[in-house]
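Reviewing the structure listed below.
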Amino acid sequence: MRALGIIAAVIAVGLLMFRCSKELEAPPGAPGIEVTAPTRGDVWDSGSSHEIVWTSEGTSGHVKIDVSDDAGSTWETLVASTDDDGGHPWTVPDMASGLCRIRVADTDGTPSALSDTFAIAGISVVTPAAGAVWAVGATEEIRWSSYGVSDRVNLEVNRGGNWVAVADSVQNTGSYFWLVSGPEAGNGMIRVSDVDGSFSGMSGAFAIREPYITVTAPGAGDTWVVGTSREVIWTSLGASGSVDVAVSYDNGAGWSTIASGVADNGSRAWTVSGQASSMCRVRVRDADGTPEGLSGLFTIHLPAPDITIAPASLTLSIFQGASVDTAIVVANSGDAPLQVTSITDNATWLTAAPANFTVAVGSNQNVTVTVNTAGLAYGQHNATITIASNDPEEGQVAAPVSLTVQEPLLDMVSLSGGTFQMGSTSQWADSDEQPVHTVTVSSFYMSKYEVTQAQYQEVMGTNPSYFQGANRPVERVTWYDAARFCNALSVSEGLTPCYNESNWSCTFSANGYRLPTEAEWEYACRAGTTTDYYNGNETQSGCSPIDPNLNLIGWYCGNANNQTHDVGGKQPNSFGLYDMSGNVWEWCNDWYGSYSSGSQTDPTGPSSGSYRVLRGGRWYDYAQCCRSANRFYNSPGGSSRYDGFRPVRD
């Protein structure tokens, strides 16, 4: 029985031990990481190679590794993801500190673990930071941290070439104030080294620049308006902290102060003032005098005025010699009456009236613009009509005027007036050419050629000629047809017609085209001569033999072959007029009548009659009919293949 009791007791104890061992067994697979290197008290030199070591269980298989130089307050990533294999090689950076720690964390976030605090021996340069810009002449602080370094260090600068000393063997306080020196460098670096050469640290790349101020607003080509609020904007480096701002309206020749002694904070509000100019600049200058910066050229406009004009511009095309009136309307859209002045750019061919006037609120004023092309060369002419208020804040409005002076259809020759003996006592003279009498004519213009068929067609839309040819003289025209042509041509060129087509009276003071008086015609034909023709006397009457003088200057029965010919084919007289003898008869303005013996000035012939005068002879006539003094006539309603014309104009 004793033996059985012992056996039972043994079995009971065994069962108890089995139960207890099951309870003490560790739970399986709890996730965790433990960093085993670096350890507390380790000092790793910057630039040296070490292994970060850890153990782990239950991670995702990848870890992230971070480093801190302030006992874990801030962290810098060493590697974003690496295999969770328990180790990672590390080249120790310039992170001099006795409060360094390593953190290894699952890339999923947990678990994670920190190393013990350890030290990195070396020098770490804090400023200048990478990308910084330091100005030559400015005092800047070079800052660094160090651990395990002697109490003195050397400072150097590299501007893209060799290292140059900044300061030798200075106290290792972590700070040194440097008066930045040139030359400029785009990729400078600072190096701080232990005097015994064991450690050194370098800054990131930074720039060394001469002091500057760069004005960015207003920009080149900008337009700012007087009275508006705008921002002057600039960037600066190396300024004293206080700047003066000024504006020029003449590209820098003179300056007006905007603000003095303002903070160098990069901007200054400005209510735009001054005068209108397209040569404006803004200057921002250090209060000490340098540096300074200028804006690009910009424009300052006066505010949009309460004055408006319509139309905003004038484009005119006028024949030479014409005078045309047009109008612009000046309106006042403001809240007070405006005193206004019209200015016409000193263009002698352009006038505006009235020159000074008042425009009531909400009212309009018509300004008559007169363009006179007398004496102007053919082609383009430009001027400006400026409507200016007496109130500078209202500004002014300018209307460009573009004028094209057109060349007239007819080539007109300017003839100076003079006195001559009208009529003839030649052996070939007819009785109606006498008595010879003294006549004075005023200056006038005469067509260089007889009117051609092409010219007549362009003005009248028809060609009645028997002998067709664009450059042949038009013929088979009545006196009325010739007068209508003169009126139509006058209207087309902006001139005042001479003829009243209800009674066919002629207003000689009008500036339009008309037929020449008989006296004007003979004066123009003779061109200062007293011979039968303007190049000599007649030597052969009839058609044959050919008269040698007439043959040079005119078409008649001896050389015309029974037809008209293109104008300008023979020699002109000394006035530059062609075909004054022969080709076609030329209608004159006068009624046909007898001469008187008394002297006359600008005679216009009889006041009435049955026939109008024809002059110059024709292609069908004998030589004596083509003389300068020869006269002929026809009913004003009659026409033939012999009759043409050439206009004149005062």
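The values are calculated or read from the model by the stated rules, or taken from the named source; none is laboratory data. All values derive from a computational prediction rather than experimental measurement. For neighbour counting, all protein chains shown are included, and Cβ atoms are generated from backbone atoms with ideal geometry for every residue, glycine included. Heavy atoms of the whole protein, side chains included, go into the accessibility calculation; ligands, DNA and RNA do not. Shrake-Rupley method; radii C 1.70, N 1.55, O 1.52, S 1.80 Å.
A few notes on this one:
- Computed about its Cα centre, the charge dipole of segment 220-307 is approximately 80 debye, with only Lys, Arg, Asp and Glu carrying charge at their Cβ.
- Between the helical axis of 2-24 and the longest alpha-carbon principal axis of the chain there is an angle of about 20 degrees.
- Apportionment of accessible area to carbon and sulfur, segment 509-619, percent (1.4 Å): 44
- In this structure Met202 has an accessible area near 100 Å², from a 1.4 Å probe over the protein heavy atoms.
- Mean-position separation - Cα centroids, segment 607-650 and segment 208-241, in angstrom: 82
- Segment 157-309: relative contact order in percent, alpha carbon pairs under 8 Å with at least 6 residues between: 22
- When Trp428, Trp585 are compared by accessible area at a 1.4 angstrom probe, the order from most to least is Trp428, Trp585.
- The Rg/Rh ratio for segment 246-373, using Cα coordinates for both the radius of gyration and the Kirkwood hydrodynamic radius, is 1.17.
- Accessible area (Å², per residue) of the chain, counting only protein heavy atoms and a probe of 1.4 Å: 46
- Intensity falloff of segment 185-297 expressed as log10 I(q)/I(0), Debye formula with alpha-carbon point scatterers, at q = 0.10, 0.18, 0.20 Å⁻¹: -0.40, -0.86, -1.01
- Segment 462-488 versus segment 99-143: alpha-carbon centroid distance in Å: 105
- Taking the longest Cα principal axis of the chain as reference, the axis of helix 479-492 is set at about 20 degrees.
- Per-atom-type breakdown for segment 257-325 gives carbon and sulfur 47% of the accessible area (1.4 Å probe, protein chains only).
- Summarising the label geometry, the points placed 7 Å from Cα in the beta-carbon direction at Val43 and Ser541 lie 14.7 nm from one another.
- Segment 140-250 - convex hull of alpha carbons, volume per residue in Å³: 153
- Of all DSSP bridge pairs formed entirely within the chain, close to 90 percent run antiparallel.
- Long-range tail of P(r) for segment 16-171 (Cα pairs > 22 Å, %): 55
- Per-residue ellipticity at 222 nm computed for the chain from its helices equals -3000 deg cm²/dmol, with DSSP H segments shorter than 4 residues left out and the rest contributing -39,500 (n - 2.57).
- Averaging the sequence gap over all C-alpha pairs within less than 8 Å and six or more residues apart, then dividing by the number of residues, gives segment 428-517 a relative contact order of 18 percent.
- In Å², nearest 10: area of Thr384 left accessible to a 1.4 Å probe: 40
- Contact order normalised by residue count of the chain, Cα under 8 Å, 6+ apart, percent: 8
- Summing +1 for each Lys or Arg and -1 for each Asp or Glu among the other residues whose beta-carbon sits under 14 angstrom from that of Pro183 gives 0.
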